[in-house]
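The values are calculated or read from the model by the stated rules, or taken from the named source; none is laboratory data. Since this is a predicted model, take the numbers as computed values, not measurements. Don't worry about glycine lacking a Cβ; one is built from the backbone with ideal geometry, like all the others, and counts go over all protein chains shown.
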Amino acid sequence: MNMLDRGQRYGDGFFDTMLLKEGKPVWPLAHWDRMVSAAKTLDLAWPFHGKSPDLTLTDLYNEWLQALQNNWIKADRPSMAKVRTVVWRAGNGDFTPPTERFECHISVHPLDLKIENSFRLGPSTVVQCPPLIPWIKSLSAMPYVLAANFAKKQGWDDALLVNTQGNFIESSRSNLFYWVDGICYTPSLVEGCLPGIAAQYLTKFLSKNGNVVQYAAATNQILREASAIWLTNSIRGITQVRYWDDDALGQDPYSDLAAAANEGIQGGSELP
C-alpha cells in the first residue's frame, strides 16, 4: 500500500482479523461472509478474482483460503497466528470512487495467547460517534487507536469507548459483556458497537446453557456493580477483566462458563 492508495488517504476499505490454529483458520466462513457483506456495502467488486470471470463465490472463497495457507507457510508455520486481510478500493482521485476494483493484502503474524490473570480495563474519554455502517470493520479506525493509546498511558490493558449518550459500547478491540445479579448483559448494536463473531458465538453459547444475554446500556456505575466483566474477540476469545477503573473485581463466579465458551471460540467449534 502506498501513500496514494485510497485505503490510506480516505480509509476507503475494510479489514478482518482471524485466528489460525496449526494453519487452520477458525470460523473462516463467518469471516468470509462478513467481508463479502462489507464489499457489497461499499459497492466494491470482490477481490481474489483470479483469471477467470466465471469463478463462483465458492471458488473465490477457496482462493482466499489458499492465499491464507501460502502466507502461513511463508511465516514459518506458527502454531498460533493472527491473519489480517486488508481490502481497499483501487485507484486514487478525490472522494468520488474512481472504480469498483479492489486491492488486497494478507499478512500472518505469530501469536502468544498467554492467559491474562490481571487484565486492567478502564473508561476512555473517546467518544465513538454512531458509525454510518456499523457492521463494517472500516480502515477509518481512529477512535479505537485513541482509546488504545489512552489505556496505555493509564497503565491499563484496554479501555472502553463511549457513544454520544455517554454509554460504554466496546473496547478498542473487543465486544463488552458484563454480569449483574446473575444476568449477562451486552450493549446493543444500535448503541454503536461492531458485531463481533466471537460475541455472536458467546451469546448463542450462553443461551444454550440457560443464560439468555440481555441487551442494555453500560455505564460506569453499572460496571462497578458487575460481578464479572468480559471482553470478546475472535483472536483471544474471552478475556476476564480483573480490574475496572483501577478497582479490583471479586472472584469471577462464571469462570467455568467463560472457560467452556473459550474452548469453543479458540477451537473453532461450530457456531451454535
Given (1) acidic (Asp, Glu); (2) surrounded by fewer than 18 Cβ atoms within 10 Å (Cβ to Cβ); (3) modelled with pLDDT under 90, index of the condition Asp76 fails: (3)
Qualifying residue in segment 243-266 (condition: in contact with a helix residue (DSSP H, G or I) (Cβ under 6 Å, 6 or more places away or on another chain) and closer than 26 Å to Val127 by Cα): yes
Single condition Ile265 does not satisfy, out of (1) on the phi > 0 side of the Ramachandran plot; (2) touching a Gly at 6+ places or on another chain (Cβ under 6 Å): (1)
Number of the exception - Pro187 against (1) over 20 Å from Asp245 (Cβ atoms); (2) within 18 Å of the chain's Cα centre (by Cα): (1)
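The rows are residues; the columns are (1) hydrophobic (A, V, I, L, M, F, W, C); (2) crowded, with 19+ Cβ neighbours inside 10 Å.
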site	(1), (2)
Val213	yes, no
Ile238	yes, yes
Ala248	yes, no
Ser255	no, no
Ala261	yes, yes
